[in-house]
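Just below is one structure, and these are the notes that go with it.
No lab work stands behind these numbers, since they all come straight from the coordinates. Bear in mind that the values here come from a model prediction, so they are computed numbers and not experimental data. Cβ placement follows ideal geometry from the backbone for every residue including glycine, while neighbour counts extend to all protein chains displayed.
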Amino acid sequence: MKKYVLTLFALILFAGASCQEKIDIEKEKAAIKAVLEAETDAFLSKDFDRLAATYIQDETNIRLSAGKSGYGYGVGWEEIGSGFKEYFENNPEQSTDKYVKTNVKIKVYKESAWAINDETVYDSEGEISLKMIGVRFLEKVDGEWKIVYLSVVYTSSYEEEIEEIEEEAENETEETE
């Protein structure tokens with residue numbers, strides 16, 4: 001009898017483990033990339049409703065940005081969303097910039113994910129106007145991926161500082177020769 005109970009227990013355990021829903025990682029990554037692109041497109045179009053649809057709109061939402069000139073930190077969709085609205089109101093024309101995401105890395109869990117990528121912004125003449133690294137945490141809400149955390153480091157602001165330092169060093173070298 002003990003042997004049958006152990007066998008039955010093992011079968012139930014095996015059946016339960018094999019019935020768990022499998023995550024299609026590539027499908028989820030594609031869905032996450034679509035959210036990232038939708039967020040960027042809505043930002044460039046100054047379309048607040050489409051932008052807001054890519055975010056979790058509660059007090060857990062966080063936005064952090066940093067560059068050579070300082071940093072910004074917002075907590076809660078009320079604060080973050082009003083920041084986007086204010087920016088759109090002060091800059092109502094659609095942007096002609098082009099954001100290109102490279103080195104995209106995504107890690108998917110059952111109900112959450114993170115994505116990190118380099119972003120280069122090109123102006124209307126095709127010149128690089130900004131470089132940054134973007135990090136987003138996402139959660140699945142009603143079957144759809146939503147951004148709950150956004151962090152942006154404006155790396156080009158530091159590149160400008162390095163160029164200034166290199167230029168100063170060159171000038172000092174020329175003066176001492």
- Cα gyration tensor, region 72-116 - rounded (a/c under 1.5), prolate or oblate: oblate
- Does region 23-176 come out rounded, prolate or oblate, given a ≥ b ≥ c as the square roots of the eigenvalues of its C-alpha gyration tensor, rounded meaning a/c under 1.5 and, failing that, prolate meaning a/b above b/c? prolate
- If we count every other residue with Cβ under 11 angstrom of residue 114's Cβ, Lys/Arg +1 and Asp/Glu -1, where does the sum land? +2
- Can you work out ³J(HN,Hα) from phi for every residue in region 31-44, in order, using Karplus 6.51 cos²θ - 1.76 cosθ + 1.60 and θ = phi - 60°, giving whole Hz and x for Gly and Pro? 5, 5, 4, 5, 5, 4, 5, 5, 4, 5, 4, 5, 4, 5
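Greater than 18 Å separation of Cα atoms is the criterion. Which listed pairs, 27/131; 29/146; 46/68; 85/105; 110/146, meet it? Can you show the working numbers first?
Values: 27/131 28 Å; 29/146 13 Å; 46/68 26 Å; 85/105 29 Å; 110/146 14 Å.
Checking Cα-Cα distances, 27/131; 46/68; 85/105 exceed 18 Å.
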- How do 110-123, 77-90 rank on mean C-beta neighbours within 10 Å, highest first? 110-123, 77-90
- Note on the structure: Once both label points are put 7 Å beyond Cα along the C-beta direction, the residue 50-residue 104 separation in nm becomes 1.7 nm
